[in-house]
1. How long, wide and thick is region 127-221, going by the Cα atoms along their three principal axes, in whole angstroms, largest first?
2. Convert each backbone phi in region 67-76 into a coupling constant with the Karplus relation 6.51 cos²θ - 1.76 cosθ + 1.60 (shift: θ = phi - 60°), then list the ³J(HN,Hα) values in order as whole Hz, x for Gly and Pro.
3. Just rank T190, T138, T150, fewest to most, by other beta-carbon atoms within 10 angstrom.
4. What residue among R126, R198, R144 shows peak mean-square fluctuation when the chain is described by a Gaussian network model with Cα springs under 10 Å?
5. With a bin width of 10 angstrom, please list the P(r) values of the chain as percents of all Cα-Cα pairs, from the 0 bin to the one holding the largest distance.
6. Quick one: which residues, 5+ away or cross-chain, put their amide H under 5 Å from the amide H of A55? H built at 1.01 Å from N.
7. Just flag the trypsin sites (Lys or Arg not before Pro) in region 152-193 sitting in loop per DSSP whose Cβ has no more than 15 other Cβ atoms within 10 Å.
8. Magnitude of the Cβ-charge dipole of region 45-227, K/R +1 and D/E -1, about the Cα centre, nearest 20 debye?
Amino acid sequence: MDTRDGKLHGRRKGRPLRPSLERLIAEELPRRVLPPPAAGARLDPFALFPSRPRAVWLEIGFGGGEHLAAQAAANPEVGIIGAEVFRNGVATLLRSLAEQGTENVCILEEDARLLLPALPEGSLRRVFLLFPDPWPKTRHHKRRFVQPETLDRLAAVLADGGEFRLASDDPGYLAWMLRHLLAHPDFEWTAERAADWRARPADWPPTRYEGKAIEQGRRPAFLSFRRRPRAPLCP
């Protein structure tokens with residue numbers, strides 16, 4: 001999904017939802033939904049959850065929500081914002097959260113780039129971008145989430161030492177991610193050996209997209225970048 005040029009590229013809905021999922025949308029989404037911030041608005045992300053979390057994470061384009069739900073269950077002291085415009089994926093996540101009894105998740109049904117300007121500097125400890133649409137055609141590369149201006153926004157909202165995790169099974173997009181992130185002065189790649197990006201870490205739950213890629217013979221890569229410390233302010 002992308003709204004950089006003022007248009008929404010991709011789908012908001014897929015096949016019709018079952019009645020049980022429609023009920024979850026009607027009953028559960030209103031209490032978890034994060035309305036798109038107005039232009040110039042500022043949010044306190046720690047105030048979005050029933051209990052104030054020790055840290056706030058953001059997952060961009062959570063798909064079916066498998067990774068987000070698993071992270072929320074494993075880290076109940078963390079508040080997680082999930083951004084996803086595909087209504088079927090939102091419904092699937094809501095079902096998982098209801099089954100788990102998980103309360104530390106709020107949902108933005110819009111492009112995450114609408115949220116980033118409203119977040120305070122250094123307010124996020126971790127950001128996930130897992131198996132995003134690679135937009136493989138050259139004329140569509142401008143729709144990719146990883147762009148210099150987006151990385152500037154992420155660098156602003158990530159705390160010093162905060163982590164940006166990315167995954168993709170598309171070689172072209174992986175090269176694009178590495179080129180842009182390695183060129184950005186505020187991010188450093190944490191990998192020290194090939195195994196650090198070829199194997200998914202133990203605290204990184206799998207997604208259905210990863211499974212599909214492996215079944216179809218594609219090899220995913222798992223990247224982790226750290227936000228470099230900010231320069232101290234001059235006295």
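None of the figures in this text is laboratory data; all of them are computed from the coordinates on show. Remember, it's a predicted structure, so these values are computed and weren't measured experimentally. Ideal geometry is used to build each Cβ from the backbone, glycine not excepted, and the neighbour counts take in all protein chains shown.
1. Between the extreme Cα coordinates on each principal axis of region 127-221 lie 37, 36, 21 Å.
2. 5, 5, 4, 5, 5, 5, 5, 7, 10, x
3. Values: T190 14, T138 8, T150 18.
Fewest-to-most Cβ neighbours within 10 Å comes out as T138, T190, T150.
4. Ranking R126, R198, R144 by mean-square fluctuation puts R198 first.
5. 7, 32, 39, 19, 3, 0, 0
6. Those lying under 5 Å, H to H, from A55 are G79.
7. On the way: sites: R153, R165, R179, R193; in loops: R193.
Hits after loop and neighbour filter: R193.
8. Values: 24 positive and 24 negative charges, 101 e Å.
Its charge dipole is roughly 480 debye.
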